[in-house]
Structures are given as structure tokens and as C-alpha cells.
Amino acid sequence: MTILRPKIKVLDEEHKNSILNEAKQILETLGIFVENEQARELLRNQGVNNEGLSFFIPPDLVEKCLQSVPNEITLYDREGEEHMTLKDDNVHYDPGSAAILYLDENSGETREATANDFIRFSKIVGHLKYIEAQSTALVYQDVPKEAQDWHRLYIALSNCHKPVITGTFKKESFSIMRELLLSCRLSEDDLARKPLAIFDACPSPPLKWSDLTTQSLIDAAKSMIPSEFVSMPLAGASAPITLIGSITQHCAECLAGVTIAQLANPGAPLIWGGSPAILDMKYGTTPMGAIETMMINLGDVEMGKYLKLPTHAYMGLSDSKVPDAQSGFEGGMGALLAGLAGVNMVSGPGMLDFESTQSVEKLLIDNEIAGMVKRLLRGIEDRGTPFALDILKDYSETEELLSHPSTLNLFRKELFIAGPIIDRMSRDAWNNAGANSARKRAKIEAKKLESKPAIKPIDDNLVKELKLITTTHLK
Amino acid sequence: MSIEKLNVEISEAIVNLDKEKALELAKRAIASGLNLLDVVEHGFGEGIRKIGDLWDEGEVFLPELMLGGNIMQEAMELLLPHLKEHSESFNRGVVVIATIEGDIHSIGKTIVGTMLSANGYDVHDLGADVPAEKIVDEAINANANVIGVSALLTTTMTGQKKVVDILKERNIRSKFKVILGGAPVSRKWVEECGADGYADSAVDAVKLVKELSSSK
């Protein structure tokens, strides 16, 4: 039994209440900019006032819509088996999604990705114990431009059994993606009961829901496919410089999303998430590894928990261009803080360079980090008294406790078993093994994993069906 | 049951760390009058080698390695009295092993001792905090082939060199292979001491002793 779950908090009840009230006030007085006609109609039907495309959502409507959002979401794998539940302080990791560049660990070059890179990436994700979900992590250039979003879901489903975090780049793609998902289920009801994918819905800061992202939100809601808000206030540029101001803006943008989705289909599953950042005041960049970025994320997630919703955050990323020391400490800090905050879905592993570059080496390093965090979250466990007395009594007999039954029975539970990326060898053993850095060890491990047989091989008929859908739509 | 089938079962029992089954199979081998040398080599020996391989692959960890070794030792206690007439050909060699004076860290040494014993060596474990002179004396008394000296501290590792120096002083250096162990030990230190080798793990220590024994 865990004695205490290690936790972190950045807001108190009073401030959470103030943030929520002010966010509602923002929606009521400043309004939200809604580009999508279907959403506008939903709001107009509720009597929501507007000036042009700005809609002034009253607090009672927001409150009503919050009531119908489910508090938890269980995701199922490709084969329909229960895989993970987003609720309470459960923590799950998935690779940061939609990188436009790929760090090729063989050449050391950062380049545009290809479909083959993503096939390999998906296969590797299938083997990573602590990365429980996959994502459409790479945007590759060797497919027609109009297929660039949905084709990734085809590759992901064909090569990895884990639930997928994905999204659309254009409105028309949703139906194709839904078709791909349906091929893994018996019926539409079956897909609604056993969600396999989460669709990212990204409002534009400040306070704007674009046509594309709103359509995805509405389409997903109608099919009971979970949507994940990726609200991204940029503190000091498109959001207030104060962390609390950015958290409030994030709250308002997400509350608008809640309202639209619940009006489209009450009870539609939603995840309170985001990818906020600060603006780097020297380079004008959006550092995901900045401590303040992580702090905004923590505040956002606390607000989600305050509203009893499943949560998400973009954490565990680094702005470094290569998996180096910066990548390790930013990735490690982010993943750890996300764990302590109990973020249900942490998107970020593998990601470098402001969410632009995926690296298999970093992904494998992050898998170990995630494993360590999960161990931490289990905390110190009470396994019954006496804690040590009886074990120590036995010491004199053998003068060691390595062969003690308690060690044998519990070492795999008490200890995180470090994978091959973490070096705990003696110096000589390390020298003999090639004197490799963590990055090099990750590269070697990736090679092993890419050719390892899948944990859950895909059914032949499903392969054919996914392929058929894909070829039909590529025509 | 054929001896081949029994050996497979024994090997599996060792790999599964099923002590009860392993000991029961040892008794059955004795009762059936089977070639016990074959059973030790291809049944138990095979099992312990497999455990070593699994450790190499990161599937098995030290507590399991130790348990495997302990099961093997208990099985050998049952089998040895019946192996008397073959003991010459069975015994791979005598190893005297100890943690050096001033150092009370015994775990590494104990794991190595257990694994060597599980692999057919007659291991004399002198314990921890043992003076260099005593290690040499015991090695002579036991007619050892190999002396293993462990040290965990940089402050006590000088004692490892002392063991080699005493052997040289007494002009008996060539009679023994001396192996060193412990966290601070490196190849360079082994050379400095004039010792014969060291290993990074218990599994590698067994390989090292086998190599040194065959290079005699």
C-alpha cells in the first residue's frame, strides 16, 4: 500500500475559484471568436449573443455544459482490449505529435521525415513499456499533401497496437480517419464504447476557435471520439506575461471548447489539455523546456482537475536540437513534474526543438525517464510490520540479504528495473561495452527494437482493410 | 525417464528457480542409478549456465542468480556423496575466496563464491575482513588453484596487492591464479598488482576462472 502519492500543487482553492470565475467572465464579456458555422449555429440555438464572429457565452451555459462531460475516459487498443484510463491522477505518456522534422540517428542529420521513418517509429513505440499510447508523431513528405494528416493514422494503426493521439489538418480528413478507426471495431457503437484514438483540438490564442479545429471537435463529439484541447497561450505574446494570466486564458479557451462540444453532443468525451509556452525574450522562440512553460502547464492541469476532467499536457520536451544534456534535464524535469501533477496524458517524449523534431534516441531515453517517474509515483509502500526487524534477524546467518526471500520476492516491485539506456555499469564494463553515451546506447537499442516482432501482431484481414481504405482515398 | 529428458527437466527447474523440483530430481537421479556426472554437467550445469545467459540479457537479476546458485549448491550436497569415485573428474578446481582485511563488504564476494560453487568449483569462502597472510595460508592448506580477493574500498584495495606480494615473497606465485574483485578494481589495478585477472560480474567471474584454469 502506497503511504503517500508524491504530488505537486501550484494553485490553492481560492485561486482556482478566481481563475474559473474570471475565465467565465472573459467568455461572457470579451467573447470567443468562432470561425465555424456549425458551432455558431449551436451557440445561436442557445440564445448566445454575438457581434460578428465573437460569441459571448454566459456562465450558466458553460456551467451546464461542464456537467455533461465524462470524468474519465478508458482507451482501448487496436484489438479492442482495455489499455488505459484517463482519470484521477493516473499518468500516461505518449510521443509528442506532428513533428515536421526527424532527427535521423544514423546520419545524425535533422531532415524531413518519410513514411518509412514513421513505420519504424510506430514499431518502436509498440515495444516501449512506459510510453503507453502512440501518436501520429511525424509529418512526412512522401505522401500527397492532402493525405498528410490521415495517412499517419493508417501507418500508426498498421504498425502499433496502442491507442493513438492524432488530429486533422483539414476538415475532410476526419471522415477518412473515422473510417480507419472503424475498421478496427465491429460498429460505430463499438468504436464509441471502446475509443481507440484521441483527436487534438487546438484553439488559436487568444480566444479563437478556428474553423478546422472546431469542426474536428464537433465531428469527434458526434462520434463520441475523445477530443483533447491543445490550448496554447504564449505568455507575453498572445497571452498575458503573468503565468496566472496565461492559465486563466487557457481556462477560458478550454471552457469554450467544452461548451461547443457538449452542445454538439452532450456527454462527448473531452480532455482538458494544452501546450502553453512562454516567449523567450531574447530569441522570440517558444521554449517547451522552460520552467515557466512547465508551471503554466501545471496550473492548467490543476484547473482541469478542479473541474473533474481528464487532463493532458505537453511536457517532457526539450528545445535542444540533439539529445544532449539539455535534452535530458528538460525532458526529465518536464516528465517528472507532469507525473507529480498527475497529468493523465503527457505528450512529449521524443520531441526536440520547440515541438518540431522527433528523435528516436530521445524517445528511448524518455521511456526510461517515464519508468522512473512511474516508480516514484507508487511512492514508499507499506508492506506490513515489522518493516526491517525480522529481515535483519536473518542477516547474521548469511551475512547478506541478497538471497533473503524478501529480496527475491520484492525486488522487482520495490525497484525500477533500469533498461539498457541507463548506465549503471562499472567503468571497465562500460569501456568494454563500447564506452557509449546514453544517446549512443539509445541508438543501439532502437536498432534492436525495430526488428523485434510486435507484441501484438496485427490481424491479416485488418491489414488488408486498412490498406484498402487508404488506397481508395489516395486515388 | 531417459537421462536426456531428466536433464532437460533439471535444467528447467533451475531456470525456474524451483528448488523443490530440482532437489527431487536430484534424488530421483541418484535412486535410478543414472550417470550422475552427466546429470551434473548437462542437467544442473546447463541450468545454471542458462541463468547466467539470462542475466547477461537482463532478464534475470542478482537475487535470482543467487537463488539459482543456492539451489545448485544444495543439489550438489545431495549428489556429491554419490560422486565420490568420480570426484577427480568432477571437481573443476579449488578456489579460496575472501574480502580483504579492513573491508567488511562481503556481498560481491559471496555472489561470486556461490556462482563458482554452482559451476562445480570447490569454494572455500573465508568471509570478510581477512588478513592477506591468512588468505595465502588457507590457499596453501586447501591446495587451491585460484585465490579470489575482493575489496570494495579504495582504502582497502591495497591489501589485494599484498596477497600477490606475499605469494612472490614465498616463491609460490606461480602455484596460484589470483583474481581480484570489487567496485574500485580495474584492469590497470590488476596489472599493477601483478594479479591474473578480474571480472565485472559473478557470471563473468565464472568465465574468468574457467579460462584461467584451462590456461594452466
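Nothing in this text is a laboratory measurement; each read-out follows from the coordinates by a stated rule. Since this is a predicted model, take the numbers as computed values, not measurements. Every residue, glycine among them, receives a Cβ derived from its backbone with ideal geometry; neighbour counts consider all protein chains shown.
Could you pull out the pairs from B:LYS109/B:LYS161; A:LYS321/A:LYS448; A:LYS194/A:LYS308; B:LYS175/B:LYS207 whose alpha carbons sit more than 27 Å apart here?
none
So for segment B:92-214, Kirkwood radius off the Cα pairs, Stokes-Einstein at 37 °C and 0.692 mPa s: how many µm² s⁻¹?
241
Run lengths n ≥ 4 of DSSP H only: what is the helix-derived mean residue ellipticity at 222 nm for chain A, with -39500 (n - 2.57) per run over all residues, to the nearest 500?
So the calculated ellipticity at 222 nm is -14000 deg cm²/dmol.
Evaluate Rg over Rh across segment B:60-154, taking Cα atoms for both radii and Kirkwood's formula for Rh. Write out the running numbers ahead of the final one.
Working: Rg = 14.0 Å, Rh = 14.0 Å.
Taking Rg over the Kirkwood Rh, I get 1.00.
Which value in deg cm²/dmol, rounded to the nearest 500, describes the helix-derived mean residue ellipticity at 222 nm for chain B, given -39,500 (n - 2.57) per DSSP H run of n ≥ 4 and division by the residue count?
-16500 deg cm²/dmol
With +1 on each Lys and Arg Cβ and -1 on each Asp and Glu Cβ, and nothing else charged, work out how big the dipole of the protein assembly as shown is about its Cα centre, in Debye to the nearest 20.
Result for the protein assembly as shown is approximately 700 debye, rounded to the nearest 20.
Given just the C-alpha atoms of segment A:255-311, how large is their convex hull per residue in cubic angstrom?
Hull volume normalised by residue count: 86 Å³.
Under the definition of partner shielding as Cβ atoms of other protein chains within 10 Å of a residue Cβ, what is the mean value for peptide B:59-67?
Mean shielding by partner chains, rounded to a whole number: 5.
If you plug each phi of segment B:70-82 into the Karplus form 6.51 cos²θ - 1.76 cosθ + 1.60 with θ = phi - 60°, what whole-Hz ³J(HN,Hα) values come out, in order, with x for Gly and Pro?
Result, ordered by residue: 5, 4, 4, 4, 5, 5, 5, 4, 6, 7, 3, x, 8 Hz.
Below 12 angstrom from the Cβ of A:LYS87, what's the summed charge of the other residues (Lys, Arg +1; Asp, Glu -1)?
-1
Can you give me the P(r) profile for segment A:178-292? Cα pairs, bins 5 angstrom wide beginning at 0, each as a whole percent.
2, 13, 20, 19, 15, 12, 9, 6, 4, 1, 0
Shape call for segment A:285-429 from the C-alpha gyration tensor, a ≥ b ≥ c root eigenvalues: rounded (a/c under 1.5), prolate (a/b greater than b/c) or oblate? Numbers along the way, then the final one.
Details: a/c = 3.60, a/b = 1.68, b/c = 2.14.
Oblate is the answer for segment A:285-429, as a/c is 1.5 or above yet b/c matches or exceeds a/b.
Could you work out the pair-distance distribution P(r) of chain B from its alpha-carbon pairs, with 10 angstrom bin width and percents rounded to whole numbers?
That works out to 9, 34, 32, 19, 6, 0, in percent per bin.
Let me make sure I get this right: for chain A, a, b and c are the square roots of the gyration tensor eigenvalues over alpha carbons, sorted descending. Under 1.5 in a/c it's rounded, otherwise prolate if a/b > b/c, else oblate. Which is it? Before the final figure, lay out the partial values.
Details: a/c = 1.69, a/b = 1.36, b/c = 1.24.
It comes out prolate by the Cα gyration axes.
Please work out whether segment A:30-95 counts as rounded, prolate or oblate from its C-alpha gyration tensor, where a ≥ b ≥ c are the square roots of the eigenvalues and a/c under 1.5 means rounded, while otherwise a/b larger than b/c means prolate and anything else oblate?
It comes out prolate by the Cα gyration axes.
Stokes-Einstein at 4 °C, 1.567 mPa s, Kirkwood radius from Cα pairs: D for segment B:3-89 in µm² s⁻¹?
In µm²/s, the coefficient is 102.
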